[in-house]
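For reference, the structure discussed in these notes is given below.
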Amino acid sequence: MANPQIENGHVDIANEIIEALAKIRISGEEMQCLWVIFRKTYGWHKKEDIIALSQFCEYTRMKKSNICRSLSKLLSKKIIAIIKNDNGITTYRFNKDYDSWKPLSKKITLSKVIKGGLKKDNESLSLLRHTKETIQKKTIQKVQLRSTDLRNGYKTVKQRLKSTEYYNCPYFKQFWELYPKKTGKGKAWEEWEKITVKKDENLVSTMQKVLNILKETDQWKKEKGQFIPLPATWLHQRRWEDEIDTERKSKWDS
């Protein structure tokens, strides 16, 4: 168990310096190196001392590269002074004039790698976190869908936007104009794409002939077309392939 005693050695640091250090923004590794300088100078009642990098490593258990980087940052902030003589001996001194210190800017410059990571993390969080703006957008989308689009079979705005592709398909436009029940246009387009009729002019022509016949049947005329299947259902079940009245078929073929 550690049992340090003041009589075994201590560092005298003015309270004013401690208060100044508490206010400045420096990294943990920089602070570790600064404590080594305190230990080797104030700990021996000296203003400066020659400190080898091996001593910094011994006290901090940090790598030399990290120590050199931290000392360089402390020097740039004018918290310490480094003096090198012609023999390559380096002397370190703590600068107690805290008014001359240059604290770390609040605007931290990050590397591209870190920026990319933060951006990715923020995007992930934004998907999980419902902000006021996203809630409003979803609410507006739901209101828009409820007002008109749900009747056409759209469940999402994305589905509705995709379904607008039918405007570029003349065959589907002909089918929709001919089909007597105008309900579920989005769903009908989805079924239309599945059977790829938009590329088969002959098949479209067949469907049109069948529809012209079915529109004259009693079942489709009964109760104002109540028993006419939805266009999406009709397409999904390939109802144009059903057997129909031969007499009516010959009428339309003639």
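Laboratory data are not the source of any read-out in this text; all were calculated from the coordinates shown. This one's a predicted model, so the numbers in the text were calculated from it and none came from an experiment. Positions of Cβ are generated from backbone atoms using ideal geometry, with glycine treated the same way; all protein chains shown enter the neighbour counts.
Things worth noting here:
- Only Lys, Arg, Asp and Glu carry charge here, each on its Cβ (+1 for the first two, -1 for the last two); on that basis the range 9-100 has a dipole of about 320 debye about its Cα centre.
- Simple spin-label estimate for ILE17 and LYS194 gives 8.0 nm between the two label positions (7 Å along the Cα-to-Cβ direction from each Cα).
- Extension gain for LYS182-THR206 works out to 6.6 nm (0.36 nm per residue, less the C-alpha to C-alpha distance).
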